[in-house]
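Let me begin by presenting the structure, written as structure tokens, before commenting on it.
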Amino acid sequence: GPFKTPGNHIWKVPCPDVYRGPHTDSKTAGKLYADYVNQACDAYESRGESVSAFIIESGMSVAGVVLPPPGYLKHAVGCVRNVGGLFIADEVQTGFGRFGTSYWGFQHNNDDVVPDIVTMGKPFGNGMPLAAVATTRKVAEAFETIGPEYFNTFGGNPVCAAAGLAVLDTIESEGLQAKAAEIGAYLKAGFMKLKVRLEIIGDVRGCGLFLGIELIR
């Protein structure tokens, strides 16, 4: 297929971008973009191969602050799980209440789809080097059954762990998720007003304090 990269074992599907992509109707784009995932699954099955996992950044940050359209995760993850694959949500930039409307990015427009694995970092330590991986019990038990030893020299650093606990406490005690929603809505409304006046602004998108303003010629 045209989206395979960098080799036979990794298949890159098109970014579900409703502004620049081939599917721009948010009402139908989720299913149409998920069809690319289904095509990838079908291709591997036709070769007698299995699908290990589908990994996606819950809000594609470096790709231009692109949020998956409604229904995308439901259909894409459904295809992957039908062939035995896992859903991995990358929350390194989107987690911990940044969207305002939800604590995790994968909860945005996802029809209650729960990941099998979640990766997180950056805001977890608020400047301290800290990352974490959360899995379902089924995944954790399978990993233990296989028997690989996991070793990390810096894993469990007590200072970084203390910083992470403080971050979690502060998010809750200071209502930072609600503040992200409030301030984000204010900023987005302001940018939308500018968009009406300035032709250089092609699109304003995102949620909470995860916002993107696309400038065009």
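The values are calculated or read from the model by the stated rules, or taken from the named source; none is laboratory data. Here the structure is a predicted model, which is why all the values come from computation and not from measurement. Because the Cβ atoms are built from the backbone with ideal geometry, glycine has one as well, and the counts that use them run over all protein chains shown. All accessible areas refer to the heavy atoms of the entire protein, side chains included, with ligands and DNA or RNA removed. Shrake-Rupley method; radii C 1.70, N 1.55, O 1.52, S 1.80 Å.
For the range 114-170, rounded, prolate or oblate, judged on the Cα gyration tensor with a ≥ b ≥ c (square roots of eigenvalues), a/c < 1.5 rounded, else prolate if a/b > b/c? Taking the square roots of the gyration eigenvalues as a ≥ b ≥ c, the range 114-170 is oblate. Considering all alpha-carbon pairs of the chain, what whole percent are spaced by more than 23 angstrom? It works out to 54 percent of all Cα pairs. Over the range 99-213, all Cα pairs binned in 10 Å intervals from 0 give whole-percent P(r) values of 11, 28, 32, 19, 8, 2, 0, listed from short to long. Using the rule -39500 (n - 2.57) for each DSSP H run of four or more residues, divided by the residues of the chain, the 222 nm mean residue ellipticity is -11500 deg cm²/dmol.
Only protein atoms count toward the accessible area here, which uses a 1.4 Å probe; on the range 174-217, the carbon and sulfur part of that area reaches 62 percent. Remark on the range 1-91: Rg and Dmax equal 12.6, 36 Å (Cα only). Overall, the accessible surface of the range 58-111 at a probe of 1.4 angstrom is composed of carbon and sulfur to the extent of 52 percent.
Annotation note: chymotrypsin sites (Phe, Trp or Tyr not before Pro) in the range 141-217 located in DSSP loop regions with a Cβ neighbour count of at most 12 within 10 Å are 150, 151, 154.
So what is the accessible area of the range 1-117 per residue, in Å², with the probe set to 1.4 Å? If you can, show how the numbers build up before the last one.
Details: 5750 Å² over 117 residues.
That works out to 49 Å² for each residue.
Which entries in 27/195; 122/179; 27/193; 27/122; 74/138; 12/122 show an alpha-carbon gap greater than 27 Å? Provide the component values of the computation, followed by the final result.
On the way: 27/195 23 Å; 122/179 19 Å; 27/193 24 Å; 27/122 33 Å; 74/138 20 Å; 12/122 25 Å.
Listed pairs above 27 Å: 27/122.
The charge dipole of the chain, taken about its Cα centre with unit charges on the Cβ of Lys, Arg, Asp and Glu (plus for the first two, minus for the last two), comes to roughly 720 debye.
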